[in-house]
1. Being among the polar types (S, T, N, Q) and surrounded by 14 or more Cβ atoms within 10 Å (Cβ to Cβ) is the filter; apply it to the range 1-46 and report the residue that is farthest from LYS58 (Cα to Cα).
2. Within the set of pairs 6 or more residues apart or between chains, which connect a residue that is among the hydroxyl-bearing types (Ser, Thr, Tyr) inside the range 22-48 to a residue that is open to solvent by 90 Å² or more (accessible area, probe 1.4 Å) with Cβ atoms less than 6 Å apart?
3. Within the range 94-111, identify whether any single residue is within 11 Å of the chain's Cα centre (by Cα), open to solvent by 80 Å² or more (accessible area, probe 1.4 Å) and touching a residue at least 24 places away in the same chain (Cβ under 8 Å), and answer yes or no.
4. Among the listed residues SER56, SER116, SER62, SER76, identify the single one that is of a type in the set (Gly, Ala, Ser) and surrounded by 15 or more Cβ atoms within 10 Å (Cβ to Cβ).
Amino acid sequence: QVQLVESGGGLVQPGGSLRLSCAASGIYFRANAMGWYRQAPGKERELVAVIFVGGSTKYADSVKDRFTISRDNVKSTVYLQMNSLKPEDTAVYYCTRTIANQPENWGRGTQVTVSS
């Protein structure tokens, strides 16, 4: 059974930073692309970042140069370092296992709120 458990969300002021973590189990982690999506109130879920098996990455234009996705294959964990946060980054952030560039499994999500 695939399990993805996110952590690290919270309330942060504009310009601040947070690091999200996602611990995966039930999969051969190092053989899977992993991603982060987010959903803001009243909006559709959108891709934030993906990290592929070889370590290459892809980002949404809105987070390029501010967010960094990384993975630790020993810990079966994927991270999302978020810097220079803006109010528009407020959303529930979801971890995914990605197959053929599509999210296949989802975590329950972690809330990120950027507000002064």
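1. For the range 1-46, the residue satisfying everything is SER7.
2. As it stands, the answer is SER25/GLN3; TYR37/ARG45, since those pairs meet every condition given.
3. Checked the range 94-111: at least one residue is within 11 Å of the chain's Cα centre (by Cα), open to solvent by 80 Å² or more (accessible area, probe 1.4 Å) and touching a residue at least 24 places away in the same chain (Cβ under 8 Å).
4. Sole residue among the options that is of a type in the set (Gly, Ala, Ser) and surrounded by 15 or more Cβ atoms within 10 Å (Cβ to Cβ): SER76.
The values are calculated or read from the model by the stated rules, or taken from the named source; none is laboratory data. Note that the structure is a prediction, hence the values are computed from the model and not measured. For neighbour counting, all protein chains shown are included, and Cβ atoms are generated from backbone atoms with ideal geometry for every residue, glycine included. Calculation scope for accessible area: heavy atoms of the full protein, side chains included, ligands and nucleic acids excluded. Shrake-Rupley method; radii C 1.70, N 1.55, O 1.52, S 1.80 Å.
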